[in-house]
Amino acid sequence: MSNLKYGIMGGTFNPIHNAHIRMAEEVRDIFDLDKIIFMPTGTPPHKNNLNIDPLDRYEMTKLAISGNDRFEVSDIEILNKSISYTVETVGKLKEFYPNVEFYFITGADSILDIYKWRNPEKLLTLCKFVSVRRPNYSDDLEGKIKEIVDKFGGEILLVDGPLLNISSTEIRERVREGKSIEDFVPKKVVEYIKENKLYI
Ligand code: ATP
Ligand code: MG
């Protein structure tokens, strides 16, 4: 039996930004995770107007984590032509890595999405959740987490994280307005966005 612990960092990553990277690093350190798998979503039902090729989101994620040997990116959901449900994705990872304990990492806003996800009860038996505080979203996060656990069971661990007020929405807006994004996004991703004329 191995005692490996992997994090799964799910997101649209449109584009990936410094808060994503920093929160993954902090969660990795706090729980001593062996590896974090970044999992860019396919085109999820509630975000079906993304207006960007999923492969661009995948490429940017790959560039952002390059050089960090504890970070990996998975194309499972990107390559799935139908809708990917988290419970199925985590189920596949568990089959592939039967002896690994998984920690699914979300921000304070996304943990509440779990009510809309498929089969949260089962998902919470497959992995632990880590909920990272996010500026403007963390009001009574403890209470909200307690409600989720009371309803579905499982374990949700709350961490403070880097508390960076960054969002992909703001980055897309800044690019459209011709403003600089260097402070919010890894350099290689800034270059990719410029070269491929994304978000203009
Ligand atoms: P968008 O504005 O397009 O929704 P986003 O910045 O929220 O983009 P996502 O790809 O939606 O980024 O987020 C992926 C995961 O990272 C989610 O669980 C989200 O809650 C979390 N997250 C994103 N930004 C932050 C942040 N600044 N602090 C904490 N968690 C964050
Ligand atoms: Mg978001």
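Here, each number is a calculation from the coordinates, and none is a lab measurement. These numbers were taken from a predicted model, which means no experiment stands behind them. Note: ideal-geometry Cβ built from the backbone for every residue, glycine included; neighbour counts use all protein chains shown.
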Q: Could you work out which residue, out of G107, G154, G67, moves most in a Gaussian network model of the chain, that is, has the largest mean-square fluctuation with Cα springs under 10 Å?
A: G67
Q: Select from T106, T86, T169 the residue whose mean-square fluctuation is largest in a Gaussian network model of the chain (Cα-Cα springs shorter than 10 Å).
A: T169
**Q.** With Cα atoms, 0 to 90° folded angle of helix 54-65 axis to the chain main axis
**A.** 80
Q | Net charge over other residues, Cβ less than 12 angstrom from the Cβ of S167 (K, R count +1; D, E count -1) | A | 0
Q: Could you pull out every residue, at least 5 positions away or on a different chain, whose amide H is within less than 5 Å of the one on V73? Hs are placed 1.01 Å off N in the peptide plane, and Pro or chain starts have none.
A: F38
Q. L55 to K151: extension gain in nm, 0.36 nm per residue of separation minus the Cα-Cα distance?
A. 30.9 nm
(Q) Calculate log10 I(q)/I(0) of the chain for q = 0.08, 0.15, 0.17 Å⁻¹, where I(q) comes from the Debye formula with a single equal point scatterer on each Cα and nothing for solvent. (A) -0.25, -0.94, -1.22
Q | Gain on full stretching of the segment that runs from R22 to D113 - 0.36 nm per residue minus C-alpha separation | A | 30.6 nm
Q | Calculated FRET efficiency for the pair D69/I200, C-beta based, R₀ 35 Å, to 0.05 | A | 0.55
Q: Grab the beta carbon distance between T125 and L79, set R0 = 22 Å, and tell me the FRET efficiency rounded to 0.05.
A: 0.25
Q. Once the Cα atoms of helix 141-152 and of the chain are each reduced to a long axis, what angle between those two axes, in degrees from 0 to 90 to the nearest 10, is obtained?
A. 50
